[in-house]
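In what follows, a structure is listed as structure tokens, so that the remarks can point back to it.
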Amino acid sequence: MKLILNQEVPGLGAPGDVVEVKDGYGRNYLVPRGFAQPWTKGADKQIATIRRAREVREVRDLGQANEIKQALAGLKVTLPARSGDGGRLFGSVTSADVVDAVTKAGGPKLDRRLVQVTAPIKSLGQHTVSVRVHPEVDATVTVEVVPA
């Protein structure tokens with residue numbers, strides 16, 4: 001089955017890529033979740049639009065990616081969140097919350113899709129979050145969750 005990716009899928013490709021996958025994987029996982037759409041002959045305009053949007057968002061080169069990594073490494077990020085007894089949060093901290101906190105702390109503007117919260121953040125304290133700045137550069141951000 002031929003598909004056009006709408007979002008980055010680890011191990012498969014980036015937005016705008018045309019990929020060949022097994023029918024069940026495409027029909028039961030990628031298409032229903034909005035990660036991909038069926039490929040058609042007339043989809044060339046859609047592919048071009050998706051690729052242009054990706055080029056605007058992505059980091060241009062390795063040097064710029066390393067600059068962003070350095071900026072994130074020296075950044076102190078605090079994230080206020082509502083919590084109950086014992087320091088447990090009401091809900092959890094999402095990647096969008098982390099992006100907002102980094103921007104408020106004076107860091108670079110990030111795309112929320114690049115922020116990877118490995119374990120759900122559901123308590124107060126310091127937590128480490130990974131950011132995939134460039135395909136070859138990963139940065140880590142220490143986020144301190146404080147009571148709001």
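The values are calculated or read from the model by the stated rules, or taken from the named source; none is laboratory data. All values derive from a computational prediction rather than experimental measurement. Here the Cβ is made from the backbone with ideal geometry for all residues, glycine too, and neighbour counts use every protein chain on show.
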List the strands (runs of 3 or more DSSP E) inside segment 42-148, counting only whole elements, that have at least 3 residues being in contact with a His (Cβ under 6 Å, 6 or more places away or on another chain) and under 30 Å from residue 18 (Cβ atoms). none
Looking only at segment 1-41, and only at residues there that are in a helix (DSSP H, G or I) and of a type outside the set (Asp, Glu), the one that is farthest from the chain's Cα centre (by Cα): 41
Of all residues in segment 95-123 being more than 15 Å from the chain's Cα centre (by Cα) and crowded, with 18+ Cβ neighbours inside 10 Å, the one that is modelled with the highest pLDDT: 121
All-but-one check, residue 82 against (1) under 30 Å from residue 24 (Cβ atoms); (2) surrounded by fewer than 12 Cβ atoms within 10 Å (Cβ to Cβ); (3) of a type in the set (D, E, K, R), failing number (1)
In segment 1-47, how many residues are buried (at least 16 other Cβ atoms within 10 Å of the Cβ) and in contact with a Gly (Cβ under 8 Å, 6 or more places away or on another chain)? 8
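Taking segment 85-94 as the region of interest, how many residues are more than 20 Å from the chain's Cα centre (by Cα) and modelled with pLDDT of 90 or more?
So the count comes out to 3.
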